[in-house]
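For reference, the structure discussed in these notes is given below.
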Amino acid sequence: YFQRSEVQKDVKKRVQKPKEPLTKQVIVRRVIIAALVVVFLIFVGAINHVDKVIMNSRVGQTFERGTVTEVLRDNLQEDGSRTGDQLVKIRMKTGVRKGQEIEATSSNGYLFGAACEPGVNVVVMQSVAGDDTQASVFSLDREIPIYLFALAFIALLCIIGGKQGVKGAIGIVFTFFCILFVYLPLVYRQLSPFWVAVFICILTSVVSLYLIGGPTKKTAVAIGGTVAGVIVSGIAASIFSVATGITGFNVEDIETLLTIQDAADIQIGGLLFSGLLISSLGAVMDVAMSISSAINELYEHKPDISRKELFKAGMHVGRDMMGTDSNTLILAFAGTSLSTLVLDYAYSLPYRQIINSNNIGIEIMQGLSGSFGIILSVPITVLLAVFLLARHRHRDEVPQEMPKIEEK
């Protein structure tokens, strides 16, 4: 029992990373990181002071929360279907009518409205003018379930992943923060969506991978491989666009986007390609970090390995990941177009019409371009790891000492 306890303690000491001593170099690094955080927050605050062009007037119109207390007129038919509108009474929880009961209509639609019953929480679109209130049910109130699911996800990530899980959760939150408060304001300020997406990918890669790997060469290799893979995806998409004639103006909601372009002068043509870069970032980051970690572990356990052998080992790891991650990315884009494929199948559209349609072409471009980035990020990451991690030539490349000659 005592021998086993000693062995467990010894293994635990080896597995646990020693705490970083508080040296002058560590203090300087932390000061630099704190300064960068302050500069970043100032930058975010500056770019978010945007004077938006008013696209439509919403004076007096608000979206408030409420609970259905009574169904005054139902639209449920004998066969279980619903036809027409419901007339319901709702006790308001927010807004100028908070605490009051108002009447509202709820349409029978899949995009707007809801099947109301007493006790159901809903979001009410109301327009107030003096004592007059016009209200209709916009949708079910999904805010609390969304927050609960998000908190459950972060909690599981932190509990199962431990310290690394907490860092991963911080990286995810930072990524969404950058998309909402950096990408959108910069695009609205007439900057190129493509290059803004490149900036976002580099920024989130540096922060996320630094949180996971720390200030090490392994992290630098993963960042370099990720940035290279994302740029390759953008180049592949640009070539595909030139070859097929598919541009950012071939998306479904182009009419609304053109209205925004005319009003705010936003470069909507690059939104398609910037979305592709951001979509492929996670998969490329996964490949780059996994390869970098594998090569780093191999080099630490076998420091006398040659660069050639290290490159072969890294490529073996990368080849195993190419198929799975490319398949994951292609299936992710294909999954978003399943409804289109079902419609095409139901209407028996000819193959030539389907393959030349804009929607299918965009999905193919996104899946294949992202896969190009994954595939080419493998050799790039391996090369970076070999030259950064293997700092010197090894025994099989330069002999450490000359063999002794026996004297007769």
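The values are calculated or read from the model by the stated rules, or taken from the named source; none is laboratory data. Keep in mind that this is a model prediction, so the values were computed, not measured. Every residue, glycine as well, gets a Cβ built from its backbone with ideal geometry; the counts of neighbours run over all protein chains shown. All accessible areas refer to the heavy atoms of the entire protein, side chains included, with ligands and DNA or RNA removed. Shrake-Rupley method; radii C 1.70, N 1.55, O 1.52, S 1.80 Å.
Alpha carbon centre of segment 60-103 versus segment 301-360: separation in Å? Cα centroid of segment 60-103 versus Cα centroid of segment 301-360: 46 Å apart.
Computed extension gain for ALA346 through ARG30, at 0.36 nm per residue and net of the alpha carbon distance, reaches 107.8 nm. Surface composition of the chain: carbon and sulfur atoms hold 63% of the protein heavy-atom accessible area at a 1.4 Å probe.
The orientation-averaged shadow of the Cα convex hull for the chain, equal to a quarter of the hull surface, comes to 35.8 nm². Per residue, the chain exposes 63 Å² of accessible surface when a 1.4 Å probe is rolled over the protein heavy atoms with every protein chain present. Highest mean packing comes first when the peptides 214-221, 35-42, 277-284, 290-297 are listed by Cβ atoms within 10 Å, giving 277-284, 290-297, 214-221, 35-42.
The modelled label-to-label distance between ARG142 and VAL53, using points 7 Å beyond Cα along the C-beta direction, is 3.0 nm.
Site pair ILE235 and ARG73 shows an inter-label distance of 6.5 nm when each label is modelled 7 Å from Cα along Cα→Cβ.
Label separation (GLU255 vs PHE176): 3.3 nm, computed from points 7 Å beyond Cα along the C-beta direction. Packing, taken as the mean count of other beta carbons within 10 Å per residue, orders the peptides 132-142, 251-261, 192-202 from highest to lowest as 192-202, 132-142, 251-261.
Along the Cα-to-Cβ line of GLU300, 7 Å from the Cα, sits a label point; which residues in segment 183-215 have backbone N less than 20 Å from it? Only 208-215 pass the distance filter. The phi torsions of segment 142-157, fed into the Karplus equation with coefficients 6.51, -1.76 and 1.60 and a -60° offset, translate into couplings of 9, 4, 5, x, 5, 5, 5, 5, 5, 5, 5, 4, 5, 5, 5, 4 Hz, rounded to whole numbers, with Gly and Pro shown as x. Our analysis of segment 231-356 gives Rg over Rh at 1.13, with the two radii drawn from alpha carbon positions and Rh computed by the Kirkwood formula.
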